[in-house]
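> Have a look at the structure that comes next, please.
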């Protein structure tokens, strides 16, 4: 990776193949669409010379008194989330992990900007909902379930872990019969290093397995069996015990979600999943059409 002295200024880091001139263009080009926005920042889709990129703008979220102190801290401490994301993507490149490719990380006192390659695909439950509306044969559904379980085992076996492996961060692309592609996004809480601990693995698999009721529990179970069959048992221990642990964690996440919704007066089982009453994804700016 180029030294920071080769970048636009000391607060900019460049990924492999990204020149200072390209970084400047990507930082300044207007957004094509805003994919998500909140108090912590926003995710934008941008385009430069016919190529799409993802640009994530981070904002400070600490209390005002703490924020004033944070400005005196080194950039890596002040902007820990984008730095973790950048590091995970950088470490994932030589391992060929299904992560976006890092291009630019620009930090200053008021905000941080992270630019990476644009990933085609949809959140796994959105992709599943669209494909389910087609003539998707049970044989292909079971093939997909086994594929996603085995693919996740390969990724985690290479040392990837995340405290936020929610379904909307697991993107899938491809048609009903395959081949399929997997990519994991939103890496603010991700790490690429040693193989995750058994507890971390169980937590991550429970997160990605916490899916809307539109997805059959049978397919979810087949995915977990496939994960364990692909040497996942060496990571999680005895097969039956591992399945029971992950299932209990999924049930706990489901219970917490239901309680929060009831407290908010929400009783729609599909609420919070980005799915409409028909079970299909609700369109949003920047979404990719399904197959």
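> Could we say that residue 241 is surrounded by fewer than 12 Cβ atoms within 10 Å (Cβ to Cβ), at pLDDT below 90 and in the same structural domain as residue 163 (by TED's automatic domain parsing) here?
Spelling it out, it is not the case that residue 241 is surrounded by fewer than 12 Cβ atoms within 10 Å (Cβ to Cβ), at pLDDT below 90 and in the same structural domain as residue 163 (by TED's automatic domain parsing).
Residues checked against (1) within 20 Å of the chain's Cα centre (by Cα); (2) at pLDDT below 90:
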| position | (1), (2) |
| --- | --- |
| 250 | yes, no |
| 259 | no, no |
| 273 | yes, yes |
| 279 | no, yes |
| 283 | yes, yes |
| 286 | yes, yes |
| 289 | yes, yes |
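> Could I ask something else about it? Whether any residue in the stretch 103-116 is outside any strand (DSSP E or B), touching a strand residue (DSSP E or B) at 6+ places or on another chain (Cβ under 8 Å) and assigned by TED's automatic domain parsing to the domain that holds residue 57 is what I want to check.
The answer is yes, given that some residue of the stretch 103-116 is outside any strand (DSSP E or B), touching a strand residue (DSSP E or B) at 6+ places or on another chain (Cβ under 8 Å) and assigned by TED's automatic domain parsing to the domain that holds residue 57.
> Going by the structure shown, is residue 81 touching a helix residue (DSSP H, G or I) at 6+ places or on another chain (Cβ under 7 Å), surrounded by 11 or more Cβ atoms within 10 Å (Cβ to Cβ), more than 19 Å from residue 26 (Cβ to Cβ) and at pLDDT below 95?
The answer is no for residue 81.
> Okay, next question. For residue 131, are the conditions met, namely being at pLDDT below 95, surrounded by fewer than 24 Cβ atoms within 10 Å (Cβ to Cβ) and assigned to a helix (DSSP H, G or I)?
Taking the combined requirement at face value, the residue satisfies it.
> Next up: Being in a loop (DSSP other than H, G, I, E, B), out of contact with any helix residue (DSSP H, G or I) (no Cβ under 6 Å at 6 or more places or on another chain) and not assigned by TED's automatic domain parsing to the domain that holds residue 105 is true for just one of 175, 140. Which residue is that?
The unique qualifying residue is 175.
> Filter the stretch 88-102 down to the residues that are part of a helix (DSSP H, G or I) and in contact (Cβ under 8 Å) with a residue 60 or more places away in the chain, then identify the one that is surrounded by the fewest Cβ atoms within 10 Å (Cβ to Cβ).
Applying the filter and picking the extreme gives 95.
The values are calculated or read from the model by the stated rules, or taken from the named source; none is laboratory data. Treat the numbers as computed from the prediction; the structure is a model and nothing was measured. Using ideal geometry, Cβ is built from the backbone for each residue, glycine included, and neighbour counts are taken over all protein chains shown.
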